[in-house]
Amino acid sequence: MSAEDRRAGNEARPETFGPEFARRADEIVARYPQPRGALMPLLHLAQDERGYVSLDAERWIAERLGLTPAYVHGVTSFYTMYRTAPAGRHLLQLCTTVSCMLRGCDRVREHIEEKLGIEAGETTADGLFTLVCVECLGSCGTGPVLQVDDDFYEDMDLERVDALLDALRRGERPVPGAGPRRAIVE
Amino acid sequence: MEPVLTRNVGIDGSQTLGVYQARGGYLALRKALGLTPDALVNLVKASGLRGRGGAGFPTGLKWSFMPKDPTPERPNYLVCNADESEPGTFKDRLLIENDPHMLLEGTLIAAYALRAERAFIYIRGEYAYGAKTLIDALREARAAGYVGRDVLGSGWSCEIVIHRGAGAYICGEETALMDSLEGGRGNPRLKPPFPAAHGVYGRPTTINNVETLCCVPFIVERGADWFKAIGPDEKNTGPKLYCLSGHVRRPGVYEAPMGLPLAELIDGFGGGMLRPGRALKAVIPGGSSTPVLRAEECAGLRMDFDALAKAGSMLGSAGCIVMDEGTDMVAVAERVAHFYAHESCGQCTPCREGTGWIEKVIARIRRGGGRPEDLELLDEIAQGMQGTTICPLADAAAMPCRAFVAKFRDEFEHYIERGRPLAAAASGTGA
């Protein structure tokens, strides 16, 4: 999505957070010695609410914390986890860093790409899945790891990928965690 | 060795207050509140505990830098660095997800010793489950009187804030973490001033790693001598979590005394090499920023701060990555270089330009476009990055680059001459 599309999208769908969001924001702000400290949690909250951080969300947060929208956008764009455009219904994040690489994440990536008919960075035509490659997820002992939304699915091989994606397509949510191969600590 | 830090891992309900208390949890906090903050600092000093985040700085000494006269206008803060992001490292996640109350208890004792009434736990954004586990545990601890006003009737109050990051490796660097915690981009700050003088919100701040804080309740409960007795010498004490990943049969987190022989970690705990018949080729001992070691350098090597420094590498976060003889070391070097190029915050030119340049040169070599002078170029770029930036990320990219080229030069040269990996290294890097 280009910056222009993004602006247009926001004009078409203005964001106004309701009183419940404002109440939760107040609660978060109260935890910090200065309001600015609440910026990252509020960006997370906005993303949880809308699926991404829109320009309107940034403006709302800027006003609440006494910051400029430009400052808030500078923070949003610094961190990889804040999305400035909507993703598919399920965000698939495949770790491709060194430990996962040594355990075969490249084959897992190729398999997912083939199965979904997209390349990393793209969203399926039905809007169900977005696939991205990410840096180390801290699951090196049970790599390769695929994060689906907030959940880690570990020890991924081609069979586990198939079972997981098929289940998600059926609207099911398999139990996250490591595979049957081993426990993480002995 | 009796499990210490991992004693509750695998026990049903280990995340809950009930189970934690039933297994002796929070007794150390009660004991600590009966001591003076100075006595606690001296106890931790006497234990020889060194920071488990990577630098290995003596924890008690770090604590002693904090002012003893905080005021409501100029309070002391404690920050727990739970932004574990160094490739190869996943020990803190295990502690957070399985034993959150142990971390909260360690945080509370440390905060009391530091005369801090507010502590922040900065947890990396990707650890959503860990953050939720900690938040649930915090709720329980608050209801039980361990957190909040007048902790256990001691007159001392302490609030803990769980703060989620959002996917930036640099925020594990303590000054970048502080900027991030204050609601900014994670740009490292020049030191001095050090955090103990000018930290979060300009206030005196101590920053400790998760594993470091988890050691504290045991030191309080069992004493400095008990802690010192675990480990090979006075400078390397206590239990240690070792992360093992890569080409081993049983990767995972293993607890053993500081100074564990590397061979025991790989062959004993790890069950030896993943693919039968393949010999060990190389080990990155302490997370991807630590210089790689060839198999022959690993003979008789112990995993502690000083032994690894002597071997030309570092213990770092004890994130041990094992590679067998089928590994294409140029491919691994490229992957490591990509990580640091991706994660540079861009504030310092040598790092912003250097990390990307290293990645581009190694990628060109791998694509078959390498030039004979590229290896000298890589060394030159890396040299220009070391010690020339605000924080150590540039060094974290330069050190492994130089080590990969120096120790596997034949593989780089083969790529440059033939445009493909050495036959011995071509049999599949991914298992």
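The values are calculated or read from the model by the stated rules, or taken from the named source; none is laboratory data. Since we're looking at a predicted model, the values are computed, not measured. Positions of Cβ are generated from backbone atoms using ideal geometry, with glycine treated the same way; all protein chains shown enter the neighbour counts. We work out accessible area using only protein heavy atoms, side chains counted, and drop any ligands, DNA or RNA first. Shrake-Rupley method; radii C 1.70, N 1.55, O 1.52, S 1.80 Å.
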Of A:114, A:154, the only residue that is farther than 21 Å from residue A:50 by Cα and touching a Ser or Thr at 6+ places or on another chain (Cβ under 6 Å) is A:154
Going through the range B:244-266 in order, the residues found to be within 14 Å of chain A (Cβ to nearest Cβ) and surrounded by fewer than 22 Cβ atoms within 10 Å (Cβ to Cβ) are B:249, B:250, B:256, B:264
Considering residues that are hydroxyl-bearing (Ser, Thr, Tyr) and in a helix (DSSP H, G or I), the number found within the range B:26-65 is 3
Only unsatisfied item for residue B:275, checking (1) touching a residue at least 60 places away in the same chain (Cβ under 8 Å); (2) away from chain A (no Cβ under 12 Å); (3) open to solvent by 30 Å² or more (accessible area, probe 1.4 Å), is (2)
Listed by range, helices (runs of 4 or more DSSP H) wholly within the range B:143-243 having at least 1 residues that are within 14 Å of chain A (Cβ to nearest Cβ) and either farther than 20 Å from residue B:83 by Cβ or of a type in the set (Val, Ile, Thr) (or both) are B:210-222
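Rundown of residues vs (1) at pLDDT 95 or above; (2) away from chain A (no Cβ under 14 Å), yes/no style:
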{"position": "B:306", "(1), (2)": "no, yes"}
{"position": "B:338", "(1), (2)": "yes, no"}
{"position": "B:344", "(1), (2)": "yes, no"}
{"position": "B:350", "(1), (2)": "yes, yes"}
{"position": "B:365", "(1), (2)": "yes, yes"}
{"position": "B:371", "(1), (2)": "yes, yes"}
{"position": "B:375", "(1), (2)": "yes, yes"}
{"position": "B:384", "(1), (2)": "yes, yes"}
The residue from A:76, A:84 that alone is touching a residue at least 60 places away in the same chain (Cβ under 8 Å), within 30 Å of residue A:20 (Cβ to Cβ) and of a type in the set (S, T, N, Q) is A:84
Condition set crowded, with 19+ Cβ neighbours inside 10 Å and in contact with a Ser or Thr (Cβ under 7 Å, 6 or more places away or on another chain), scope the range A:63-86, selection farthest from the other protein chains (Cβ to nearest Cβ): answer is A:76
Conditions (1) assigned to a helix (DSSP H, G or I); (2) farther than 30 Å from residue B:285 by Cβ; (3) in contact with a helix residue (DSSP H, G or I) (Cβ under 9 Å, 6 or more places away or on another chain); (4) aliphatic (A, V, I, L, M) -> residue B:119 fails only (1)
Going through the range B:278-304 in order, the residues found to be of a type in the set (Gly, Ala, Ser), at negative phi, surrounded by 20 or more Cβ atoms within 10 Å (Cβ to Cβ) and not in a strand (DSSP E or B) are B:286, B:288, B:289
